[in-house]
Amino acid sequence: ECTTDICFLPDSALEEDYQRAFPKSGRFIFSGIPIKQSYYFNEDKANAKEKSGLNPTKTHVLIMCGSMGCGPIEEIVTSLSDMLDGQCETTVICGNNKKLKNKLMGICDEQDGFRILGYTSDVPTLLTSADIFITKPGGLSVSEAYAKKVPMVFVDTVGGCESYNRDFFTSLG
């Protein structure tokens, strides 16, 4: 049981679901998930690519699956490496997962068009530079990518509330 005076929700489209789940709640405020202001600033994509050390004329694929680098990132990178054959520039953010970063660095090199990063605070610029974002549907990352207006491909890694996020965003197209 949960009784609250105010519930802050990500979007008004979810009101019916939350009213069913929390019928004793009071007022709903549709505020979105709080994200840093830097995600609302959309600089020029070519400038963001140059700032990120990327070729502004090439397609940039950004892959990120949370701070722990979870999910089938190795399989995704291997498949993309075979498929893209250097046609795109791909940045993989492994977060704090040093083991994954080292493994991927052994699989890919700069010549393949892949750049493997660990934890980085430059995600806003990398999202601006991305032409497509491959990620797990975590609430924070999809909110940040949505603010940056980056097309997303979701990887099913965690389930639970992330499945709900995936279904919500895919229902919106």
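The values are calculated or read from the model by the stated rules, or taken from the named source; none is laboratory data. Quantities reported herein were computed from a predicted structural model and do not represent experimental measurements. Heads up, the Cβs are rebuilt from the backbone with ideal geometry, glycines too, and the neighbour counts pull from every protein chain shown. Each accessible area value is taken on the protein alone, full model and side chains, heavy atoms only, with ligands, DNA and RNA left out. Shrake-Rupley method; radii C 1.70, N 1.55, O 1.52, S 1.80 Å.
Worth pointing out:
- Any hit, region 157-165, residues being at pLDDT 90 or above and of a type in the set (Asp, Glu): no
- Residue check for Thr120: in contact with a Lys or Arg (Cβ under 6 Å, 6 or more places away or on another chain), within 26 Å of Pro56 (Cβ to Cβ) and of a type outside the set (A, V, I, L, M, F, W, C): no
- Within this structure, Lys99 passes the test of being among the charged types (D, E, K, R), loosely packed, with under 12 Cβ neighbours inside 10 Å, over 24 Å from Pro151 (Cβ atoms) and at pLDDT 85 or above.
- Count of region 1-60 residues which are in a loop (DSSP other than H, G, I, E, B), touching a strand residue (DSSP E or B) at 6+ places or on another chain (Cβ under 6 Å) and aliphatic (A, V, I, L, M): 1
- Test: residue in region 33-50 that is over 20 Å from the mean Cα position of the chain (by Cα) and touching a residue at least 40 places away in the same chain (Cβ under 8 Å): no
- Conditions (1) in contact with a Phe, Trp or Tyr (Cβ under 9 Å, 6 or more places away or on another chain); (2) surrounded by fewer than 13 Cβ atoms within 10 Å (Cβ to Cβ): number failed by Phe28: (2)
- Criterion (free of Cβ contacts under 8 Å to residues at least 40 places away in the same chain, under 20 Å from Ala147 (Cα atoms) and open to solvent by 40 Å² or more (accessible area, probe 1.4 Å)) met by exactly one of Ser79, Ser121: Ser121
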